[in-house]
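Colleague: Shown below is the structure under consideration.
Read the figures in this text as sums done on the coordinates, not as results from a lab. Predicted model only: the values in this text are computed from it and were never measured. All Cβ positions, even for glycine, are placed from backbone atoms using ideal geometry, and neighbour counts span all protein chains on display.
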Amino acid sequence: MPSATEDVIVGLDIGTTSTIAIVMTPSGEVLGSASRPATLSSPEPGFAEADPAQWWANAREVLREALNATQGKPVAVSVTGMLPAVVPLDAEGAPLRASIQQSDARNSREVSDMRARLDETAFLARTGQGLTQQLVAPKLRWIERHEPEIFARIAHVVGSYDYLNYRLTGRLSIERNWALEAGFVDLADHELADDLVAESGLPRSAFPRLVSSHQRIGEVSAEAAAATGLPEGAPVFGGAADHIASALAAGLTEAGDVLLKFGGAGDIIAIADRPEPDRRLFLDYHLVPGLYAPNGCMASSGSMLRWLAALIGGGADLAELDAEAAAVPPGADGVRMLPYFLGEKTPIHDPYARGTVTGLSLGHGRGAIWRAALEAVACGFRHHLEVLTDSGRPARRLFASDGGSRSAVWMQIVADVCGDAVHTLGDSYGSSVGAAWVGAVAAGRASWDDVAAARRLGAIYAPKAEPVAVYNRVYADYRALYESLKPFFARGAQS
């Protein structure tokens, strides 16, 4: 354990299903950690919301707990979180409603309105994003249409980790990957564009200053220090999108490296040296300057599994459900699932899609259903890998991170479904470690080469010939099932 005079870095992850804090040395050794569960609310079909007050309450607890496990001196604080969550604030900086999460699918009408007004090909080339439910403007337009009294009071709009930065420092800002995925950044100059921001219906003043991940945005305030245990005056840096932070923690800095992130959502992140917009994917800045991160996101992965566990688990934990799934042969005894329980984002961009289970009989137990769910998410990852190959960016190596990567059963399924080896990381901290590395580099305590050198690999799961053959058929069923049900999903949305 370091002495009270040795430097440490603090990373905080505002995730969909949990809030995690770590304390790390500048060389990458995690000295302390703590986590608390977070709640994803879906009050109506396709809705995905979270409570910013819970994020802050969790942050206060996990920061204090993680810091109590060490004696070092925090010299940098960096926050990561899901994006682009939408947190509307009033003039005093208080949230006006629950956050509308990145996986939310309520704004299909508003997206259609944008498509009627704008040339999507030109928008994609300019911003790197397609006209999809991911954008922030249609989320805000939904508030304007359905909650006008709240919309009228919006003074500021920030993202998840931007809100935590505000609570820590008292200063408002938006990190540039939030703004990029929001659809507000022009790739020609990497700045907010007034006409793009105007699509939100809000004035330019509603969007705080744009900052980079490595930019110092302020210091821990006296109030935040008392609440969290962080030292007053500790520098707070811009932070990072959680999936991009995970890619950094995995040491992804070379083209061909692809990260599969098993969090509340399912993310797939590739590496590129130039922006090549593809409507089927999102585009982000890599945290290493000069690199980009084309990526995809399945709206519900871990969040769907936790919902399913609560529904069918009968009190069983995830390890017990995994054991039952392992006893079921590949293909889940004919049970097939579509994991579109919050609609779907990439690569199909269909807010009307819904979760579906088919092939059930009275002879099936919960192990078959659980295995079908694990296989469905794996099929979603394979779909993304095919898109990357089709766009000229085939995967050379697959890495897996975050909580779901601790499941040996699931990782073997992913390797077999994708037909490629999956390299897990030696720790399960994922995004929070990536956030800490951002702080370490920004504070001058580490270099990008140090990040890659510190990567610790865990188990490697190689595909097995017999399951691969089975899963080729399962994947074909997965793709065909969606195409068959797509008209039904669309009709259901109109009823």
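Colleague: Order of 219-229, 355-365 by packing, highest average Cβ count within 10 Å first? It would help to have the intermediate numbers written out before the result.
Modeller: Working: 219-229: 18.0, 355-365: 13.3.
By packing density, highest mean first, the sequence is 219-229, 355-365.
Colleague: Please arrange E466, E344, E6 by how many other C-beta atoms lie within 10 Å of their C-beta, fewest to most.
Modeller: Numbers: E466 10, E344 28, E6 15.
Result, fewest neighbours first: E466, E6, E344.
Colleague: For F237, F151, F123, which order do you get if you count the other beta carbons within 10 Å of each Cβ and list the fewest first? Each step should come with its number before you reach the end.
Modeller: Numbers: F237 27, F151 19, F123 22.
Ranked by crowding around the Cβ, least crowded first: F151, F123, F237.
Colleague: Hey, another quick one. Once the piece of chain linking A453 and D390 is laid out straight, how much longer is it, given 0.36 nm per residue of separation minus the C-alpha distance between them? It would help to have the intermediate numbers written out before the result.
Modeller: Numbers: separation 63, 0.36 × 63 = 22.68 nm, distance 3.10 nm.
Extra length available between A453 and D390 comes to 19.6 nm.
Colleague: Calculate, in nm to one decimal, what L311 and A476 gain on full extension: separation in residues at 0.36 nm each, minus their alpha carbon distance.
Modeller: Values: separation 165, 0.36 × 165 = 59.40 nm, distance 2.77 nm.
Extending this stretch completely gives an extra 56.6 nm.
Colleague: Could you give P(r) for the chain, binned at 20 Å from zero, as whole percent values over all Cα-Cα pairs?
Modeller: 25, 59, 16, 0
Colleague: Another one. Take the Cα pairs of segment 213-280, get the Kirkwood Rh, then feed it into Stokes-Einstein at 20 °C and 1.002 mPa s and tell me D in µm²/s.
Modeller: Details: Rh = 14.6 Å.
Result for D is 146 µm²/s.
Colleague: Given the peptides 84-90, 206-212, 457-463, arrange them by the average over their residues of other C-beta atoms within 10 Å, most packed first. Don't skip to the answer; put the middle values down first.
Modeller: Working: 84-90: 23.3, 206-212: 18.3, 457-463: 15.0.
Sorting 84-90, 206-212, 457-463 by mean packing, highest first, produces 84-90, 206-212, 457-463.
Colleague: Roughly what % of DSSP beta bridges within the chain run antiparallel, to the nearest 5?
Modeller: Values: 46 of 69 bridges.
So the antiparallel bridges amount to about 65 percent of the total.
Colleague: Between D7 and E223, how high is the FRET efficiency from 1/(1 + (r/R0)^6) when r is the Cβ-Cβ distance and R₀ = 22 Å? Nearest 0.05.
Modeller: Working: r = 24 Å, r/R0 = 1.09.
Given R0 = 22 Å and the Cβ-Cβ separation, E is 0.35.
Colleague: Take the Cβ-Cβ distance between H190 and L360 as r, set R0 to 41 Å, and report the resulting FRET efficiency rounded to the nearest 0.05.
Modeller: Efficiency, from the Cβ-Cβ distance: 0.25.
Colleague: What is the spin-label model distance, in nm, from R209 to E29 if the labels are put 7 Å beyond Cα along the C-beta direction?
Modeller: 3.7
Colleague: Between A116 and E254, how many nm apart are label points set 7 Å from Cα along the C-beta direction?
Modeller: Between A116 and E254, the simple spin-label model gives 5.1 nm.
Colleague: Hey, what did the chain get for relative contact order, percent, Cα under 8 Å, at least 6 apart?
Modeller: Across the chain, relative contact order equals 16 percent.
Colleague: Would any residue of segment 420-459 have its amide N under 12 Å from a label point 7 Å out along Cα→Cβ of R397? List them or say none.
Modeller: Hits in segment 420-459 for R397 at 12 Å: 422-425, 452-458.
Colleague: Nearest 5 is fine: what % of DSSP beta bridges in segment 7-245 come out antiparallel, could you say? Mind dumping the intermediate values first?
Modeller: Working: 26 of 40 bridges.
Taking every DSSP beta bridge with both residues in segment 7-245, the antiparallel ones total about 65 percent.
Colleague: Follow-up. With each label point set 7 Å from Cα along the Cα-Cβ vector, what nm distance links A53 and A465?
Modeller: Each label point lies 7 Å from its Cα, and together they span 6.1 nm.
Colleague: Need the C-alpha centroid separation for segment 22-73 versus segment 224-241, integer Å.
Modeller: First find each Cα centre; the distance between them is then 13 Å.
Colleague: How much mean residue ellipticity at 222 nm does the chain get from its helices, if each DSSP H run of length 4 or more adds -39500 (n - 2.57) and you divide by all residues, to the nearest 500 deg cm²/dmol? The partial results should precede the final answer.
Modeller: Details: 17 runs with 191 residues, N = 495.
Rounded to the nearest 500, it is -12000 deg cm²/dmol.
Colleague: What order do you get for S108, S391, S103 when you list them from fewest to most C-beta neighbours inside 10 Å? Before the final figure, lay out the partial values.
Modeller: Details: S108 19, S391 16, S103 29.
In order of increasing Cβ crowding within 10 Å: S391, S108, S103.
Colleague: What size of dipole, in debye to the nearest 20, comes out for the chain about its Cα centre when the only charges are +1 on Lys and Arg C-beta atoms and -1 on Asp and Glu C-beta atoms?
Modeller: Working: 43 positive and 58 negative charges, 119 e Å.
It works out to roughly 560 debye.
Colleague: Can I ask one more? Just order 39-46, 366-373 by mean Cβ neighbour count inside 10 Å, highest at the front, would you? Present the calculation step by step, with values, prior to reporting the outcome.
Modeller: Numbers: 39-46: 14.6, 366-373: 24.5.
Those peptides, ordered most packed to least, come out 366-373, 39-46.
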